[in-house]
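This report refers to the structure that appears directly beneath it.
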Amino acid sequence: MTLIGWLQISLLFLAVLVVIKPLGLYMARVFSGERTLLSPVLGGLETGLYRLGGIRPDKEQSWLSYAVAMLVFSLAGFVALYAILRLQAHLPLNPQGFAGMAPDLAFNTAVSFVTNTNWQNYAGESTLSHFSQMAGLTVQNFLSAATGMALAIAFTRALARSRVATLGNFWVDMTRATLYVLLPISFVVALAFVAMGLPQTLDASVTATTLEGGQQVIALGPVASQEAIKQLGTNGGGFFNVNAAHPFENPTALSNYLNIFAMLSISAAMVYTFGQMVGNRRQGWALITAITILLVAGVAATYWAEGQGNTILTALGLDPAQGNTEGKEVRFGQAMTALYAAVTTGLSDGGVNGMHGSFTGLGGLVPMFLMQLGEVLPGGVGSGLYGMLVFALLSVFVAGLMVGRTPEFLGKKIEGREMKFAILAILILPLAILGFTAVSAMLPIAVASVGTAGPHGLSEILYAYTSAAGNNGSAFGGLTGNTPWYNTTLGIAMLLGRFAYVVPVMAIAGSLAAKVKVPASAGTFPTDGPLFVGLLLGIILILGGLQFFPALALGPIVEHLAMLAGQTF
């Protein structure tokens, strides 16, 4: 680790900190229906979309109606994307002449992008036409991100209101998230990416002459536009197979910085939006503090582990001064690769600029563990916020048990009904991750896809289902995922991680909205101070540690100890 590396990391976090408040305030105004700077430009379009869809923006929905609308919308998106992927050969903008996807791969891909996961069991530059990339994947990048934001805003209203039966209108929230937040920011970021050298063209490829005098065909396409919403919407799906390690997706150190900044900006600002809308900005900052502590710890642990290098390679005569450079782009270096790895897994982004499977055992454990904590650091746009709020409810409930008082959060009493739904939601991740991992580690057709023997092979399987159930989408590498078994089971894990989690969360929101919001009293446990932040951190870590530590001990922990002992598998 170097001082310059830490300076790079610090400047990135400082840039995100600067943008949190103005962007958070702007989104609070958008979702509250107030006039914004873009209202004169987009107000007429918004009204026209409501008329076209037969939507009454003043008619709000109960939690059940809101959840059903979200599920129906997601189902329609899945059907549309599945059809595009299967019929790709017969659709326009296919200069490469690609055939349609196989049914199991199309299922996996459609589920992946509708759930904001963007797990990819294919190489984009050799599988998907420009039409599929733009009308299929990029559209879902916007809509799945907007869906997560809408759900978070509905949960926020449940805590802000008192004695109400409604949480807003899903169609309105989703439209505003897309129209006023994601589209304009993506347009600006895409232009910045084009200026940095990312292609934005409908040409299929270009032929270059190599230094040896040969000919090389280099894939092109509308990369910059997809890259922008990929990061801003915490989607993570790459236009090219190697994702942000590809020079056309991430050509320079500056573009790498913008990638990470774009990932964090909206998700972090959503937490401030929450504080603004519930009338307690200190509460928003308390959650941001907890997020920052865990994320910085993850960056530090990854940076340290990779900076130490691989003792086995050192014993073979490699210079350890540069750390473990296997699977990394030297143009980014250890610090920015570690930062990218921690941020993309602390979020539910899934973009990568290095091969996580080439990290040391500890270096690979940290990104995996950050996902297993629930994708709340700060998680996906919207989804990270309502995930963190579930942990906040669990924290005040535990605090209430310790001091013998009825737990409250922002004036709402937390009782048995809310805790039952919260525990149901929390159990979804271990059920999907550990259940599918256990079966895949024993099933011959699943084991056949593992690229490495020993604990690293188990890590490949564990990471895949962790990434899928956490709606992250990053890959460990080494696992051949494009098989009927993995395409199907990873798709099911993605569905469970998104929808089986969010339905009980919305039920919690409906229950809280109907409760009276009472003022704080002398016996109220304050949830905007250091004590609450510490308790929240403990709850997150204990749940993650108790649920996943045994599996991690068999995989990356054993691998790291073996590396230190000079043993290979």
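Just to be sure, is THR314 in a helix (DSSP H, G or I), modelled with pLDDT of 90 or more and either in the same structural domain as VAL533 (by TED's automatic domain parsing) or under 19 Å from the mean Cα position of the chain (by Cα) (or both)?
It is false that THR314 is in a helix (DSSP H, G or I), modelled with pLDDT of 90 or more and either in the same structural domain as VAL533 (by TED's automatic domain parsing) or under 19 Å from the mean Cα position of the chain (by Cα) (or both).
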Verdict on GLY33 being small (Gly, Ala, Ser) and either without any contact (Cβ under 8 Å) to a residue 60 or more places away in the chain or in contact with a Lys or Arg (Cβ under 9 Å, 6 or more places away or on another chain) (or both): yes
Residue match in region 367-377 (condition: in contact with a strand residue (DSSP E or B) (Cβ under 8 Å, 6 or more places away or on another chain), assigned to a helix (DSSP H, G or I) and not assigned by TED's automatic domain parsing to the domain that holds THR147): no
Test: residue in region 522-529 that is part of a helix (DSSP H, G or I) and assigned by TED's automatic domain parsing to the domain that holds THR466: no
Subset of region 200-239 [surrounded by fewer than 24 Cβ atoms within 10 Å (Cβ to Cβ), assigned to a loop (DSSP other than H, G, I, E, B) and within 27 Å of the chain's Cα centre (by Cα)]: LEU220
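Quick grid of which residues meet (1) under 16 Å from PRO184 (Cβ atoms); (2) within 28 Å of the chain's Cα centre (by Cα); (3) of a type in the set (D, E, K, R):
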site	(1), (2), (3)
VAL18	no, yes, no
TYR26	yes, yes, no
VAL41	yes, no, no
LEU45	yes, no, no
LYS59	no, no, yes
SER62	no, yes, no
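Is it the case, given these coordinates, that PHE240 is over 16 Å from THR344 (Cα atoms), touching a residue at least 12 places away in the same chain (Cβ under 8 Å) and touching a His at 6+ places or on another chain (Cβ under 6 Å)?
Details: over 16 Å from THR344 (Cα atoms): yes; touching a residue at least 12 places away in the same chain (Cβ under 8 Å): yes; touching a His at 6+ places or on another chain (Cβ under 6 Å): yes.
Yes, satisfied.
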Helices (runs of 4 or more DSSP H) completely within region 414-479 that count 1 or more residues being in the same structural domain as ILE557 (by TED's automatic domain parsing) and buried (at least 24 other Cβ atoms within 10 Å of the Cβ): 416-442, 455-469
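Of all residues in region 536-566, which are more than 24 Å from the chain's Cα centre (by Cα) and touching a residue at least 24 places away in the same chain (Cβ under 8 Å)? Break it down into steps so the answer makes sense when it comes.
Our first condition is that a residue be more than 24 Å from the chain's Cα centre (by Cα); within region 536-566, this holds for 550, 553-554, 557-566.
Correct list: LEU554, ILE557, VAL558, GLU559, HIS560, LEU561, ALA562, MET563, LEU564, GLY566.
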Considering residues of region 98-113 that are free of Cβ contacts under 8 Å to residues at least 60 places away in the same chain and closer than 21 Å to MET70 by Cβ only, the residue surrounded by the fewest Cβ atoms within 10 Å (Cβ to Cβ): ALA110
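The values are calculated or read from the model by the stated rules, or taken from the named source; none is laboratory data. In this text the structure is predicted, and so the values were computed from the model without any measurement. Neighbour counts run over all protein chains shown; Cβ positions are idealised from the backbone, glycine included.
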